[in-house]
Amino acid sequence: MSKGKKVGEKRDLPGIKSAELLKLRNQYVPKGVFQIAPIFIEKGKGAIVEDVDGNEYIDFCAGISTLSLGHCNDEVIAAIREQAEKHLHACFHVLMYEPYVRLAKKLTEITPGSFPKQVLLANSGAEAVENAVKIARRYTGRRGIIAFEHAFHGRTALAMGLTSQVKYYKYGFGPFDPSIQRFPYAYSYRAPFNLKDDEYAEYCVKKIEDSFKTYMPSEEIAAMIVEPVLGEGGFVAPPPVFLKGLRRICDEFKILLIADEVQSGMGRTGKMWAVEHYDVVPDILLSAKGLGGGLVISAIVGRKEVMDSVDIGGIGGTFGGNPLSCVAALKTIELIEQSNLLARATYLGNITKNRLYNMKQKYNLIGDVRGLGSMIGIELVKNPVTKEPASEETNKIRKRCHEYGLLIMSCGALHNVFRLMFPLTIKDSELEIGLNIFEDSLKDANG
Ligand code: PLP
């Protein structure tokens, strides 16, 4: 029995033990490493977390979309334990091991595209992005990369350059790779000139095509990197004409299409990969976050001829595709398939969206509810007509949710979008309680 507050009961944050640890954190960890709340976790199971003071929470963050199967899935733990008894780390460059090649094979089977594929395993989303760009450049012999506004691709030097949010991902860290070209993303809710969804999406596509005549030769562009659903940028699912248009341009100008599915992949949208909603097949697909069921791993899955164009030794790394992460990923994929989690993501998403559409009718603060499957964004505005971002209200709601036992986080360049990332194994009753706390907090902030 926990000695702290149950979900729904107000707690003081930080608790006594969290406050003690916070002192250590503040002394020894730089402030640049952001936190959404002054809470230290003790343990987690499924969608429920307990902090070091014994307070319970429902987790709508799930390690930022890493825990599709929830905290501490028994079967994932058993797979890791079994592997840990055999060997922890031999480095794939020194001694190869079965889980790496089994996972590579599996990923080629579950990603879109019937052509032959190969897979490089790495450690993080940013590392996947960096490798995809390296490989695309080596294959095409071109340098340029097209990226989009509101994109988030990671914090390493090149990935940060591709990212499109100044404060605080890029602020003070330049210069950025000069071969990156930026174009608007079909973010319908914030479309300019009152353009309708499809009109704006077509405009975004045309802008790229036009640019090949006005300021950059298409022959210099190696790849286009796009999130099929924006993650950090605001959980925006673009109209199909956008992604289809990008695919058409890539085909016409022999540019590689890289789908960054680091956040949108692994079942969250109700399909294994978000691109499947759009019937678009990328040349390279990137996965991380949810892939390892909580362990550290990322994957670059691409056309065989593209992946194999790199000279021996050109890609890899000491820890890339470590065996514990490989077995955890294999088990995670198996469980997603076996327990019908894709259908569950759609089901949970529908319940949630219906509830949120209902809240939108009641509270002016909600400007937009959007998303695919369980990848749902809620954009808050001070005024539904001017769409002025309600970032202070977003902070206030987030804090109140935490105080009542709901872990939730926001995103977006304007800091005014809640993103829901609950485990796909969350119980219906837990989801309902979490949404109740969210609604109460919204009501409180709506005034
Ligand atoms: N790409 C996308 C779409 C992401 O959402 C993220 C992380 O949020 C990254 C890349 C970077 O991943 P990591 O933090 O594992 O480097």
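The values are calculated or read from the model by the stated rules, or taken from the named source; none is laboratory data. Not measured: the values here are computed from a predicted model. Here Cβ is always computed from backbone atoms with ideal geometry, including for glycine, and neighbour counts include all displayed protein chains. Accessible surface areas use protein heavy atoms only, side chains included; no ligands, DNA or RNA. Shrake-Rupley method; radii C 1.70, N 1.55, O 1.52, S 1.80 Å.
Of all lysines in the structure, the ones whose alpha carbon falls short of 23 Å from that of residue 362, not counting any fewer than 8 places away in one chain, are 353, 382, 387, 396, 399, 443.
Test of understanding: extend the Cα→C-beta vector of residue 149 to 7 Å, then name every residue of the range 398-417 with backbone N under 16 Å from that spot. Within reach of a label on residue 149: 412-415. The convex hull of the Cα atoms of the range 8-51, projected and averaged over all directions, covers 3.8 nm².
Positive end of the dipole of the chain (Cβ unit charges, origin at the Cα centre): among 69, 294, 181, the Cα lying farthest that way belongs to 181. Considering only 278, 397, 121, the residue lying farthest towards the positive end of the dipole of the chain is 397, judged by Cα position with unit charges set on Cβ. Once you compute Rg and the Kirkwood Rh from C-alpha atoms, what is the Rg to Rh ratio for the range 224-361? With Rg and the Kirkwood Rh in hand, the quotient comes to 1.01. Listed values for the range 172-182 are Karplus-derived 3J(HN,Hα) couplings in whole Hz (6.51 cos²θ - 1.76 cosθ + 1.60, θ = phi - 60°), namely x, 10, x, x, 10, 3, x, 8, 8, 10, 10, and x replaces Gly and Pro. Expressed as a fraction of 2.2 N^0.38 Å, the value expected for a compact globular protein of N residues, the C-alpha radius of gyration of the range 94-203 is 1.34. For the range 140-237, the Kirkwood hydrodynamic radius from C-alpha pairs, put into Stokes-Einstein at 4 °C and a viscosity of 1.567 mPa s, yields a diffusion coefficient of 91 µm² per second. Considering only 101, 166, 33, the mean-square fluctuation computed in a Gaussian network model of the chain, springs between alpha carbons under 10 angstrom, is largest for 33. Loop-located chymotrypsin sites (Phe, Trp or Tyr not before Pro) in the range 1-94 (DSSP state not H, G, I, E or B) with no more than 10 neighbouring Cβ atoms inside 10 Å: 34. For the range 357-430, how big is Rg over Rh, using alpha carbon atoms and the Kirkwood form of Rh? Here Rg/Rh amounts to 0.97. Using every Cα-Cα pair within the range 1-149, state what percent have a distance larger than 23 Å. For the range 1-149, the share of Cα pairs beyond 23 Å comes to 61 percent.
The slack in the chain from residue 45 to residue 388, taken as 0.36 nm per residue of separation less the alpha-carbon distance, amounts to 119.6 nm. Measuring against 21 Å, Cα to Cα, the residue pairs 106/289; 117/254; 170/244; 86/331; 5/43 contain 170/244 as the ones spanning a longer distance. Label sites at residue 23 and residue 195, each approximated as a point 7 angstrom past Cα along Cα to Cβ, lie 5.6 nm apart.
For the range 77-338, treating each Cα as an identical point scatterer without solvent, what Debye log10 I(q)/I(0) comes out at q = 0.14 1/Å? Here the Debye-derived log intensity ratios amount to -0.94.
Put a plus charge on the Cβ of each Lys and Arg, a minus charge on the Cβ of each Asp and Glu, and nothing anywhere else: the dipole of the range 390-447 about its Cα centre is then about 200 debye. Here the extension length gained between residue 211 and residue 81 equals 41.5 nm, from 0.36 nm per residue of separation less the Cα-Cα distance. Counting only Cα atoms, the size of the range 275-329 along its three principal axes is 33, 32, 13 Å, in decreasing order.
Under a Gaussian network description of the chain, with springs only between Cα atoms under 10 Å, the residue in 217, 389, 423 that fluctuates furthest is 217. Based on alpha carbons, the Rg and Dmax found for the range 1-77 are 13.4, 38 Å.
For the pair residue 279 and residue 340, a Förster radius of 30 Å applied to the C-beta separation gives a FRET efficiency near 0.85, rounded to the nearest 0.05. For the range 229-329, what does the accessible surface come to per residue with a 1.4 Å probe? Please give it in Å². Dividing the accessible area of the range 229-329 by its residue count gives 29 Å². Note that the range 287-304 has calculated 3J(HN,Hα) couplings of 10, 7, 5, x, 4, x, x, x, 9, 7, 6, 9, 9, 10, 10, x, 3, 4 Hz, one per residue in order, obtained from phi through the Karplus relation 6.51 cos²θ - 1.76 cosθ + 1.60 (θ = phi - 60°); glycine and proline are x. Converting the Cα gyration tensor eigenvalues of the chain into ellipsoid dimensions via √(5λ) gives semi-axes, longest first, of 34, 29, 20 Å. Computed about the Cα centre, the dipole magnitude for the chain is approximately 540 debye when only Lys and Arg (+1) and Asp and Glu (-1) carry charge, each at its Cβ.
Note on the chain: with neighbouring protein chains present and a 1.4 Å probe, carbon and sulfur make up 54 percent of its accessible heavy-atom surface.
The chymotrypsin sites (Phe, Trp or Tyr not before Pro) of the range 128-199 that meet both conditions, a loop assignment by DSSP and at most 15 other Cβ atoms within 10 Å of the site Cβ, are 168, 171, 173, 176.
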